[in-house]
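Structure record follows, encoded as structure tokens.
The numbers here are math on the coordinates, done by the rules we state, and not lab data. For clarity, every value in this text was computed on a predicted model and none was experimentally measured. Methodologically, a virtual Cβ is constructed for each residue, glycine included, from the backbone with ideal geometry; neighbour enumeration extends over all protein chains shown.
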Amino acid sequence: MDFTLSSEQHLFQETVRRFAANELAAGAAVRARNPAYPWDVARRMAAMGLMGIALPEEDGGMGGTLLDSILAIQAVAEICPRSADTIQAGNFGPVRTFAEFATREQKARYLGPILRGETVISLGMTEPEAGSAVTDLQTSATPDGEGFRVNGTKVFGTHSTEAQVFLVYVRFGPGLDGIGSVLIEKGAPGFTIGQPSAFMNGETWAQLYFDDVHVAPQDVLIGPGGFRKQISGFNVERLGNAARAVAAGRHAFNIARDHALHRRQFGRPLCEFQGIQWKFAEMAMKLEAAQLLLMRAAVNAGPGLPNANETALAKLACNEAGFFAANEALQVMGAMGFSEDSTVQYCLRRTRGWMIAGGSAEILKNRVAEDIFGRSFPQRPPRS
């Protein structure tokens, strides 16, 4: 398996990295402290051609690969972790599931503003009683004439305070085959967005309430029986999560490395203490190993969607490596890393959240175990 980048990919990676270093590095700490979505950065990313990198050109994308998208998001995240959120929103989030399964008319209505960095699409998946057990979702889509009436609630959606359109998982009928998804615009009658709440990392989310919201047939993204399609698209979002996690760990690693080279304690640089050296050796090993699993999942996906097991392994490894590196980097830097003036503590908070978002570490381990043993392990108790 060849993970060597082509000359074009090297050039692309270096161009994005140089842009981030020149234009984004100076404001990285300020953006990390600002809960507002960086719209100015999103528009600049769009102007650079960094939105819809892996989407077909006929859809307004760049016609690249998933690996190209990962090169871009990591090049940005290693310099300014917060700015990488805009690459996620334009390449890895629900926009990819939308673009994969939307009709021509749906793409014409929504893709343009997203790829121009003017708006984002939010995913309505998690419910108060259906988090990791997503197939227990209760938000219903009941037939009403030619369309449907949606009732239910969603929580913890990324960009739920900024989005103009929501990709909402709904239940058309009982069982796994009854699950699909619809598109609902902000301001639709009966659709209410609650007061913003904050995560530990500073990002905001709002609860979504659907009270007899009418959904026309042309706003159904994936009908009944489409749950597996939706999850296959969601694997791309998981790789965006994984790519940012390992890049955020690398960001913290680099800051701590510079600190250890120049900070003197007890009359000598920190890097001369063996205990510090071992910390960096462990960080480097975990980050490099995780990056290889990420590259495998991206390369094997080619122009399509990534393999579920390779995605689970990559996300699990990248989440744990990113958090480990950020935590150790903070320890090396002490109070300087713990200060809000540093992006190291921000990377710690972000990587910790990614171990929950997009599939918790425990759910990913379950998925990997199923592949190992070639059978499923239902978490629900047997019916009596």
* Structure fact -> Length gained if R116 through E340 is fully extended, taking 0.36 nm per residue and subtracting the Cα-Cα distance, is 77.5 nm
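When you have a sec, figure out the Kirkwood radius of the stretch 317-384 from all distinct Cα pair distances and drop it here in Å to one decimal? Working shown, then result.
On the way: mean 1/r = 0.0712 Å⁻¹.
Kirkwood radius, the stretch 317-384: 14.1 Å.
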* **Distance between modelled label sites at E185 and E146, nm, 7 Å Cα→Cβ extension** => 1.7
* the stretch 201-244, dipole about Cα centre (Lys/Arg Cβ +1, Asp/Glu Cβ -1), debye to the nearest 20 -> 380
* **Set of the stretch 155-175 residues, backbone N closer than 17 Å to the point 7 Å along the Cα-Cβ line of I356** => 155-161
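Return an integer: the convex hull volume of the alpha-carbon atoms of the stretch 1-45, in Å³ per residue. Don't skip to the end; give the middle numbers.
On the way: hull volume 5.0 nm³, N = 45.
Normalising the Cα hull of the stretch 1-45 by residue number yields 112 Å³.
Under the rule a/c < 1.5 gives rounded, and otherwise a/b versus b/c splits prolate from oblate, where does the stretch 132-196 land using the Cα gyration tensor?
Working: a/c = 2.23, a/b = 1.28, b/c = 1.74.
Note, shape of the stretch 132-196 comes out oblate.
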* Asked: Between the stretch 238-272 and the stretch 339-384, what is the C-alpha centre distance in whole Å?
  -> 24
* Structure fact -> Once the mean of 1/r over all distinct C-alpha pairs in the stretch 119-163 is inverted, the Kirkwood radius in Å reads 11.7
* **All-pairs Cα distance distribution in the stretch 159-208, expressed in whole percent, bin size 5 Å** => 5, 18, 22, 19, 16, 13, 6, 1
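What is the stretch 209-254 by shape, rounded, prolate or oblate, if you read a ≥ b ≥ c off the alpha carbon gyration tensor as root eigenvalues and call it rounded for a/c under 1.5, prolate for a/b larger than b/c, and oblate otherwise?
Values: a/c = 4.86, a/b = 2.45, b/c = 1.98.
Here the stretch 209-254 falls in the prolate category.
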* Net charge over other residues, Cβ less than 14 angstrom from the Cβ of I79 (K, R count +1; D, E count -1) -> +2
* Cα pair distances in the stretch 86-132, grouped into 5 Å bins until the bin that holds the longest one, percent each -> 5, 21, 27, 21, 13, 9, 5, 0
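Report, to two decimal places, the Cα Rg of the stretch 204-362 normalised by 2.2 N^0.38 Å (N = number of residues).
Working: Rg = 20.0 Å, N = 159, 2.2 N^0.38 = 15.1 Å.
The stretch 204-362 yields a ratio of 1.32.
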* To do: Please give the FRET efficiency for Y209 paired with R43, using the beta carbon to beta carbon distance and R0 = 22 Å, rounded to the nearest 0.05.
  => 0.10
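Give, to the nearest whole percent, the P(r) tail of the chain beyond 28 angstrom, counting all Cα pairs. Could the numbers behind the result be given before it?
Working: 33574 of 73536 pairs.
When every Cα pair of the chain is considered, 46 percent fall beyond 28 Å.
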* Between R228 and A36, with labels modelled 7 Å along Cα→Cβ, what's the label distance in nm to one decimal, could you check? => 4.6
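Given charges of +1 on the Cβ of Lys and Arg and -1 on the Cβ of Asp and Glu, with all other atoms neutral, how large is the dipole of the chain about its Cα centre, in debye to the nearest 20?
Numbers: 37 positive and 39 negative charges, 174 e Å.
Charge dipole, the chain, about its Cα centre: 840 debye, nearest 20.
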* Euclidean distance of C-alpha centroids, the stretch 116-131 and the stretch 148-174, integer Å -> 7
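How large is the convex hull of the Cα atoms of the stretch 51-176 per residue, expressed in Å³ as a whole number? Display every interim value, and only then the final one.
Details: hull volume 16.2 nm³, N = 126.
In the stretch 51-176, the Cα hull volume divided by residue count equals 128 Å³.
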* Structure fact -> Scoring the chain by relative contact order with C-alpha pairs under 8 Å, at least six apart, yields a percentage of 15
* **Among the listed pairs K229/K286; K154/K315; K154/K186, those beyond 20 Å (Cα-Cα)** => K229/K286; K154/K315
* How large is the Kirkwood hydrodynamic radius of the stretch 132-249, in angstrom, based on all distinct alpha carbon pairs? -> 15.2
